[in-house]
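Please read the structure below before turning to the comments.
The values are calculated or read from the model by the stated rules, or taken from the named source; none is laboratory data. Just so it is clear, the structure is predicted and the values come from calculations on it, not from any experiment. As a convention, Cβ positions derive from the backbone with ideal geometry for all residues, glycine included, and neighbour counts pool all protein chains shown. Quick note on the areas: whole protein, heavy atoms, side chains included, nothing else; ligands and nucleic acids left out. Shrake-Rupley method; radii C 1.70, N 1.55, O 1.52, S 1.80 Å.
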Amino acid sequence: VVVTSEIMEAINSIYDARVPKSWLYSPAGDELSWMAPNLGIWYTSFMSRDKQYRTWLASGRPSTYWMTGFFNPQGFLTGVQQEITRAHKNENWALDSVVMHAEVTEILTSENCRSSPKEGVYVHGLFMDGAAWHSHDGTMVESEPKKLFSLIPLILVTAVTKTVKRSLANSGNYGPFGAYDCPVYKYPARSDRYYVFSVMLGTQNHKPLHWILRGVALLCACD
């Protein structure tokens, strides 16, 4: 085998416990895989994603989905939105009039999830950055000292019409100050490139502007 510069770069990266660049990006520079700080975390995540896909193929749709297990989570959520729209075709729902709606549930872990929701999907594995989640009150609270990230309960992702979305935002179910429309990103490096979707979070003690200034967001991977 001729040892090219690309192979040598991969060998050196593996020796240093780094993920080879050719495993992360195509020759054109397109992202091929989730980024990770070291090879150990990358490989562990790779095996977990493989397990999720194999279980899905062998046993059917799971009751909850590990969001970080999808290379293209936006595409998965678009498929969910399309599926719900087709289910409401008798109500004349059109895809351009339907929007994504997501909110935190009372199910703390994926092990506690026994069945799928009637409509939409449960997703898990998201971390909150800049705040914490109080499960008993269903609201955002300040982070604990020296705890940068906190795992939040399962999230129900579904789709509703734009009219229903506005009524939910003004329903008062998210606290006296209204909901905080929390963005979800793939990585701590926040940009439009890594934006996935938004989750409506309850705000009992502070106005949404407080959390906006804190830069609160949900992350699929916090490493």
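Determine which single condition V196 fails, assuming it passes every other condition in (1) buried (at least 17 other Cβ atoms within 10 Å of the Cβ); (2) among the hydrophobic types (A, V, I, L, M, F, W, C); (3) assigned to a helix (DSSP H, G or I).
Among (1) buried (at least 17 other Cβ atoms within 10 Å of the Cβ); (2) among the hydrophobic types (A, V, I, L, M, F, W, C); (3) assigned to a helix (DSSP H, G or I), the lone unmet condition for V196 is (3).
In this structure, does R190 turn out to be in contact with a strand residue (DSSP E or B) (Cβ under 8 Å, 6 or more places away or on another chain) and more than 29 Å from P117 (Cα to Cα)?
yes
Can you find even one residue in region 102-117 that is outside any loop (DSSP other than H, G, I, E, B), under 17 Å from the mean Cα position of the chain (by Cα) and closer than 21 Å to P176 by Cβ?
Yes; the residues of region 102-117 include at least one that is outside any loop (DSSP other than H, G, I, E, B), under 17 Å from the mean Cα position of the chain (by Cα) and closer than 21 Å to P176 by Cβ.
Could you pull out the residue among Y65, Y53 that is assigned to a strand (DSSP E or B) and under 30 Å from G120 (Cβ atoms)?
Y65
Out of P188, P208, which single residue is closer than 25 Å to E106 by Cβ, surrounded by 15 or more Cβ atoms within 10 Å (Cβ to Cβ) and at pLDDT below 90?
Only one candidate qualifies: P208.
C222 is checked against (1) exposed (fewer than 14 other Cβ atoms within 10 Å of the Cβ); (2) in contact (Cβ under 8 Å) with a residue 24 or more places away in the chain and fails just one. What number does that condition carry?
The single condition C222 does not satisfy is (1).
Hey, does region 204-219 have a residue that's over 28 Å from G40 (Cβ atoms) and part of a strand (DSSP E or B)?
No, region 204-219 has no match at all.
Does at least one position in region 168-184 carry a residue that is assigned to a helix (DSSP H, G or I), more than 20 Å from G79 (Cα to Cα), at pLDDT below 85 and of a type outside the set (D, E, K, R)?
Checking region 168-184: at least one residue is assigned to a helix (DSSP H, G or I), more than 20 Å from G79 (Cα to Cα), at pLDDT below 85 and of a type outside the set (D, E, K, R).
Here are W56, W42: which of them is open to solvent by less than 50 Å² (accessible area, probe 1.4 Å) and either more than 26 Å from R193 (Cα to Cα) or among the aromatic types (F, W, Y) (or both)?
Exactly one residue qualifies, and that residue is W42.
Is it true that some residue in region 75-88 is touching a helix residue (DSSP H, G or I) at 6+ places or on another chain (Cβ under 6 Å), polar (S, T, N, Q), part of a helix (DSSP H, G or I) and under 22 Å from K165 (Cβ atoms)?
Among the residues of region 75-88, at least one is touching a helix residue (DSSP H, G or I) at 6+ places or on another chain (Cβ under 6 Å), polar (S, T, N, Q), part of a helix (DSSP H, G or I) and under 22 Å from K165 (Cβ atoms), which makes the answer yes.
Within 24 Å of V160 (Cβ to Cβ) and either in contact with a His (Cβ under 8 Å, 6 or more places away or on another chain) or at pLDDT 90 or above (or both) - does that describe any residue in region 47-62?
Yes, region 47-62 has at least one match.
Somewhere in region 132-139, is a residue touching a strand residue (DSSP E or B) at 6+ places or on another chain (Cβ under 6 Å) and over 23 Å from Y195 (Cα atoms)?
yes
Answer yes or no: is there a residue in region 66-89 that is touching a Ser or Thr at 6+ places or on another chain (Cβ under 6 Å), modelled with pLDDT under 90 and over 30 Å from M140 (Cα atoms).
no
Out of S33, S63, S48, S13, which single residue is within 15 Å of Y187 (Cβ to Cβ) and surrounded by 11 or more Cβ atoms within 10 Å (Cβ to Cβ)?
The match here is S33.
Looking only at region 132-173, filter to residues that are under 21 Å from P117 (Cβ atoms) and among the small types (G, A, S); which one of those is least open to solvent (accessible area, probe 1.4 Å)?
Top of the filtered list is A159.
Looking only at residues that are in a helix (DSSP H, G or I) and not β-branched (V, I, T) in region 121-165, which one is nearest to the chain's Cα centre (by Cα)?
Among them, the one singled out is K165.
Restricting attention to region 166-177, which residues are farther than 11 Å from Q204 by Cα and within 23 Å of the chain's Cα centre (by Cα)?
Selection gives R166, L168, A169.
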